[in-house]
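Here the structure comes first, spelled out in structure tokens, and everything after it is commentary.
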Amino acid sequence: MKTSGAVAIHASAASGCALPRCLAAPFFMLPDCIMANCRLFAGKLVSWQSVALLVFSASLSFASVELDRMLSLASQRYGDRGVVSVTAWRGLLNQTANQSDAVKLRWVNDFFNRRVQFGEDGDIWGKQDYWTTPLELLGRAEGDCEDFAIAKYVTLKLLGIPSEKLRMTYVKARIGGPQSTIVQAHMVLSYYPAPGAEPLVLDNLISDIRPASRRSDLTMVFGFNTEGLWVGAVNPRAASASQRLSKWQSVIARMREEGID
């Protein structure tokens, strides 16, 4: 798969959506972005076997964002709050486009962790295990762990980080620390600085980005991206027909309709 370079952002001057002056500062420093997102997601237990059938996708390269379309949809679906969130996201892309990977990781992780509040799919969408697009997450400003991981993955790809460095990773999380007996299904985003290197973990439950060796509370089950699926250290496996009809495929299709292509 060909990976995209820095994101191309399409928004006409007539859209009237110039960034407010306050957005010249990093978004994670803005007061309206500081929102709690570390609620305990009790009852979020799923079958790992059933989840594994939902995650593999066809090749995808995020090349551009049509901001006019996203802003129009945000206004129609979510009102002023949605427009503010998408405008802030555009500013994040603009601010970090020429930064190092380390800066991109930190700013993207902080942006979503502080702007979006954790919530259950049933409470937000009235359905179970619904995977959102970045627009849907920004518009509602609520989501669960999969939604955080997807939004961070898409945003970092738009910023030019190749997919082979990124994996959305299902884990078993010990809530309360490594010695806790409360184990729940959870998803994080993993960043691999080089093939075979120890990944860094971007998690909505904590603000720090830590190497996997410092997240003894997490046990990896499998990881995936647009290239394949990994179980432990196994190489990516080919997808079956049933795997291609997945929640991830639905997210990809909806993102294209919303302006991320």
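Approximating the spin labels as points 7 Å out from Cα along Cα→Cβ, the residue 102-to-residue 175 distance works out to 3.4 nm.
Judged by the mean number of other Cβ atoms found within 10 Å, the most tightly packed of the peptides 90-103, 163-176 leads the ranking 163-176, 90-103. Neighbours of residue 101 by Cβ distance under 14 Å: Lys/Arg scored +1, Asp/Glu scored -1, total +4. Just list whichever of 152/172; 157/247; 104/172; 152/247 have alpha carbons separated by over 24 Å in the model shown. Distance filter (> 24 Å) returns 104/172.
Checking the a/c ratio against 1.5 first, then a/b against b/c, what shape does the Cα gyration tensor give for segment 86-232? It comes out oblate by the Cα gyration axes.
Read the figures in this text as sums done on the coordinates, not as results from a lab. Predicted model only: the values in this text are computed from it and were never measured. With ideal geometry, Cβ positions are generated from the backbone for all residues, glycine too; neighbour counts draw on all protein chains shown.
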